[in-house]
Amino acid sequence: MSAEHLWYIPNQVRPGHRGDDTTEDHNSLDTLTSHAHALERHGFAGALLGTSWGRPDTFTVATALAARTTTFEPLVAIRPGFWRPAHFASAAATLDHLSGGRLRVNIVSGTDGQEAYGDGEADPAHRYARTREFLQIVRRLWTQEEVTYAGQHFSVTRSSLGPRPVVRGDRAHPRIYFGGASEAAERVAATEADVQLFWGEPLDGIAERIDRLRRLSAELGREHAPLEFGLRVTTFVRDTTEEAWADAEAKVAQLAARSPEREAWSARDRGRSTAVGQQRLLDLAERGEVLDDNLWTAPGWFGGGGAGTTWLVGSAGDVAKSLRRYQDLGVTHFVLSDTPYLREIERQGTRLLPLLRD
């Protein structure tokens, strides 16, 4: 199976995200555009733009970057609690049209200070039911002339869009990525998403989840093309295996020094109010510090979250070998990153990406 590779562009108010060394104008349009141009130059398909309340608006940033690039595809993370589905479908179709069909969408259903933006839905079951309706309406508006839909959370009557998303080959609309590891999340992914995006779990955990999601798709009567799978993970690459591990350990020591209050937290203590997917990563530390060949769990003890919880560490050859093993399981979408972001785009675009293409 062929695979495609994306990166991560920091979308932060404060500098220093996960050890990035860019401080002055770190989130200016010129700085972020330099990242996007470097990704284009090295052949990355695009980059994920993260979302949370209090960060720059992902859709605005994506629109600005799309206007300054030619092949770069923004993977825009959005939360259904921020948007009404028809409004989002229209905004996304417009950006997709203006960019020549370069938009991708990552749907995020987890809680995130929702009181600050007026989202009163805290119950996980209801949030995922709302997400299912959101995706059903958006997909129909992207593909049908007129939509009437009456759900528990959303409804539209004789709704239609103009412009519509770009249709190209088997692409009928922007690809919909989705995260989440709870039972409710997996049921939504199995029926409504295009790509289930995993975090950096060991191979056996990813294989188990792929098998379960494929069975769920069949059991729940999925109506769309088969679900695809992606991996969002930190890739820590150096010239040699020994150099990579020495530098990785030094970097985690720096993280620990900056966050001493977090050192004593156990994975279990930290997970009491943590999303299911994040808790799965934190629990990995109890299995061992290094899993499979080079999946390192230690960063999660010192402030790492999400893709910062586990790292694939090694030479370009080591990391490429590990990523190909995920690909053998059925993963075809990879969102990679390390910091400093711009330096690592250059390093990994030069050393790692060619190996993945080969």
Working carefully through the options D292, D318, find the one that is open to solvent by 20 Å² or more (accessible area, probe 1.4 Å) and in contact with a Leu (Cβ under 6 Å, 6 or more places away or on another chain).
D292
Condition first: closer than 18 Å to H37 by Cα and assigned to a helix (DSSP H, G or I). Can you find one or more residues in segment 66-79 that meet it?
yes
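Condition check ((1) under 16 Å from the mean Cα position of the chain (by Cα); (2) open to solvent by less than 30 Å² (accessible area, probe 1.4 Å)) across all residues:
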residue: D30; (1), (2): no, no
residue: G43; (1), (2): no, no
residue: P85; (1), (2): no, yes
residue: S109; (1), (2): yes, yes
Could you please give the count of residues in segment 231-256 that are closer than 23 Å to R325 by Cα and out of contact with any Lys or Arg (no Cβ under 9 Å at 6 or more places or on another chain)?
8
Verdict on G100 being surrounded by fewer than 21 Cβ atoms within 10 Å (Cβ to Cβ), in a loop (DSSP other than H, G, I, E, B) and at pLDDT 95 or above
yes
For W53, indicate whether it is in contact with a Phe, Trp or Tyr (Cβ under 9 Å, 6 or more places away or on another chain), under 30 Å from R325 (Cα atoms) and either open to solvent by less than 10 Å² (accessible area, probe 1.4 Å) or not in a helix (DSSP H, G or I) (or both).
no
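Residues are listed down the side, and each one gets a yes or a no for (1) modelled with pLDDT of 95 or more; (2) closer than 30 Å to Q279 by Cβ; (3) under 20 Å from the mean Cα position of the chain (by Cα):
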residue: I137; (1), (2), (3): yes, no, no
residue: T143; (1), (2), (3): yes, no, no
residue: L161; (1), (2), (3): yes, no, no
residue: I176; (1), (2), (3): yes, yes, yes
residue: G179; (1), (2), (3): no, yes, yes
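Let's see how each residue does on (1) in contact with a Ser or Thr (Cβ under 6 Å, 6 or more places away or on another chain); (2) at pLDDT 95 or above; (3) closer than 30 Å to E146 by Cβ:
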position: R171; (1), (2), (3): no, yes, yes
position: E183; (1), (2), (3): no, no, no
position: V195; (1), (2), (3): no, yes, yes
position: R209; (1), (2), (3): no, yes, no
position: L220; (1), (2), (3): yes, yes, yes
position: P226; (1), (2), (3): no, yes, yes
position: T240; (1), (2), (3): yes, yes, no
In segment 302-326, which residue that is out of contact with any strand residue (DSSP E or B) (no Cβ under 6 Å at 6 or more places or on another chain) and at pLDDT below 80 is nearest to E208 (Cα to Cα)?
G306
Odd one out for G330, checked against (1) modelled with pLDDT under 95; (2) farther than 23 Å from A36 by Cα:
(1)
Considering only segment 186-204, state which residues are more than 19 Å from P299 (Cα to Cα) and part of a helix (DSSP H, G or I).
E186, R187, V188, A189, A190, T191, E192, D204
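The values are calculated or read from the model by the stated rules, or taken from the named source; none is laboratory data. Not measured: the values here are computed from a predicted model. Using ideal geometry, Cβ is built from the backbone for each residue, glycine included, and neighbour counts are taken over all protein chains shown. These area figures cover heavy atoms from the full protein model, side chains too; ligands, DNA and RNA do not enter into them. Shrake-Rupley method; radii C 1.70, N 1.55, O 1.52, S 1.80 Å.
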